[in-house]
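*Asks:* I have a structure I would like to understand better, so I am pasting it below and will then ask my questions one at a time.
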Amino acid sequence: MKKFLVLFLCAVLIASAFAACTNKPHEGARKVVLNEVTRSVFYAPLYVAAGLGYFEEEGIDLEIVTGGGSDKSMTALIAGEAQFALMGPETGVYVVNEGNSDHPMVIGQLTKRDGSFLIARAPTDNFSWEDLRGKSVIGGRPGGMPYMTLNYVLKQNGLTPGEDVEVISNVQFNLMAGAFEGGTGDYVTLFEPTATLFERNGSGYIVANIGLESGEVPYTAFMTMPKMIKDEPELVEAFVRAVYRGQRYVQNNSDADVAKAMQTFFPDTDIPTLEIVAKSYRATDSWMKTPVMTEDAFIRLQDVMDSNGELKKRVEFKELIDNSFAEKVVEKVK
C-alpha cells in the first residue's frame, strides 16, 4: 500500500457515487452515515441491528453507504462524508504508518476471519490447493485483506503467488464477480450471498472457504475519527451498543430469524438463500460475539500483512484500537 495516504487524500477531492440503504427516518434521531466497504451477509450482525431498529432505539437515524473498497471507505471517513466506517483494520494500520497523527480509531470488531469463498468455473470433487498451480485467480486489490489472506493461504499450502499461481490484482473489489463472469481468471474469491447465487445460476462453484483456511484474524471493524470520540462520546457509545445488540441477536436466534431481520438490506436475495448463508457463516464461527478486539488478534493481523510485504512497521495496539466503548457496552448490556 505504498503512497496509500496520497491516493486517498487525492480521492477526497473527487466526488464519489455510493449506493445507500436507509432506514425510515426517526423523529429527533441523530443522522449518522456509516460507510461500509461492501454489502455482504458476512456483516449480518450490523444489518440485523439496523433491521430490528436497534440504532433508532439508540437515537440514531442510520444511513448505510456502500463504498466498494476499504480505501474508499477510509477516504469517506477522513473527508467527513461519514461518521463511522466498516472496513478492514489493516487500512488503519496503513494510515498510521503514513505518519498521520489524526488517524481513525477502531472502536469495535465485527468479524473474526475472512468471509470469502474460492469459486471455480466447474464443479470440483476432492478439491486440492494444488489445483491452482499454473492457474489464475482474481484476488482483490494489493494490500486489501481479501488479497492478503488469499496469498497467505496459498503460501500455507506450498504455492508461491506470482510464480505458481497468478493472482489477478487489477480488478476492483466490487467488480470481481462481473469480471469472472466475463471470462477473467480460472478462479475468483467472492463473499456471500454472491458466492451462493453464483452456484445457483451455474456461474461458478464454491470449492474452498478462505476463512477456515486462514484461521482467525480481525477481518472487519468499525472506525471513527478521534474528534468524534472526543466531541460525541455518547453517540459513539450508542452506536457500538446497537452493534452489540445485533451481535447478541445473531448469537441467540435461529438462522431463519437472522435472515428475516436483515432481508431488507438484500432485496434481490430470497429468505431461504439468506438463511443458508447465515448458517454457513455461523458454522465457520465468522462473527464476533462482542465488539471487543484482542491484542493477540491484532498481532495476527499484522503477521498476515507482514507475510505479504505490506507492513512498513508494527503498530502498537492502543495506538489504533480503542476498546473503551465496546467494553462499556458489554458490561452494561445483559
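*Asks:* If you scan the stretch 195-215, which residues turn out to be part of a strand (DSSP E or B) and under 18 Å from Arg133 (Cβ atoms)?
*Replies:* Val207, Ala208 - these are the residues of the stretch 195-215 that are part of a strand (DSSP E or B) and under 18 Å from Arg133 (Cβ atoms).
*Asks:* With the requirement that a residue be out of contact with any Pro (no Cβ under 7 Å at 6 or more places or on another chain) and surrounded by fewer than 24 Cβ atoms within 10 Å (Cβ to Cβ), what does the stretch 262-280 give you?
*Replies:* Gln263, Thr264, Phe265, Pro267, Asp268, Asp270, Ile271, Pro272, Glu275, Ile276, Lys279, Ser280
*Asks:* OK, next. Listed residues Lys334, Lys313, Lys328; which is farther than 25 Å from Glu192 by Cβ and modelled with pLDDT under 95?
*Replies:* Matching residue, one of Lys334, Lys313, Lys328: Lys334.
For every residue, the table says whether it meets (1) modelled with pLDDT of 95 or more; (2) of a type in the set (Phe, Trp, Tyr); (3) more than 25 Å from Asp306 (Cα to Cα).
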{"site": "Ser128", "(1), (2), (3)": "yes, no, yes"}
{"site": "Gly143", "(1), (2), (3)": "no, no, no"}
{"site": "Thr149", "(1), (2), (3)": "no, no, no"}
{"site": "Thr189", "(1), (2), (3)": "yes, no, no"}
{"site": "Glu192", "(1), (2), (3)": "no, no, yes"}
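*Asks:* Within the stretch 3-26, does at least one residue satisfy the condition of being surrounded by fewer than 18 Cβ atoms within 10 Å (Cβ to Cβ), modelled with pLDDT of 80 or more and assigned by TED's automatic domain parsing to the domain that holds Val240?
*Replies:* no
*Asks:* Just to be sure, is Glu98 within 26 Å of Asp306 (Cα to Cα), assigned by TED's automatic domain parsing to the domain that holds Val315 and modelled with pLDDT under 95?
*Replies:* Criteria met by Glu98.
*Asks:* Need pairs with beta-carbon distance below 7 Å; first residue without any contact (Cβ under 8 Å) to a residue 60 or more places away in the chain and within the stretch 233-258, second in a helix (DSSP H, G or I) and not aromatic (Phe, Trp, Tyr); sequence gap 6+ or separate chains.
*Replies:* Final answer for the pair search is Asp255/Glu275; Asp255/Ala278; Asp255/Lys279; Asp255/Arg282; Ala256/Glu275.
*Asks:* If you check Met262, Met228, Met223, which single one turns out to be touching a Gly at 6+ places or on another chain (Cβ under 7 Å) and assigned to a helix (DSSP H, G or I)?
*Replies:* Met262
*Asks:* Shifting gears a bit: Anything in the stretch 228-286 that is in contact with a Lys or Arg (Cβ under 7 Å, 6 or more places away or on another chain) and among the charged types (D, E, K, R)? List them, or say none.
*Replies:* The answer is Glu237, Asp255.
*Asks:* Can I ask one more? Looking at Pro226, Pro218, which one is touching a residue at least 24 places away in the same chain (Cβ under 8 Å) and crowded, with 23+ Cβ neighbours inside 10 Å?
*Replies:* Numbers: Pro226 fails: crowded, with 23+ Cβ neighbours inside 10 Å.
Sole residue among the options that is touching a residue at least 24 places away in the same chain (Cβ under 8 Å) and crowded, with 23+ Cβ neighbours inside 10 Å: Pro218.
The values are calculated or read from the model by the stated rules, or taken from the named source; none is laboratory data. Keep in mind that what you see is a predicted model, and the values were worked out from it rather than measured. Neighbour counts run over all protein chains shown; Cβ positions are idealised from the backbone, glycine included.
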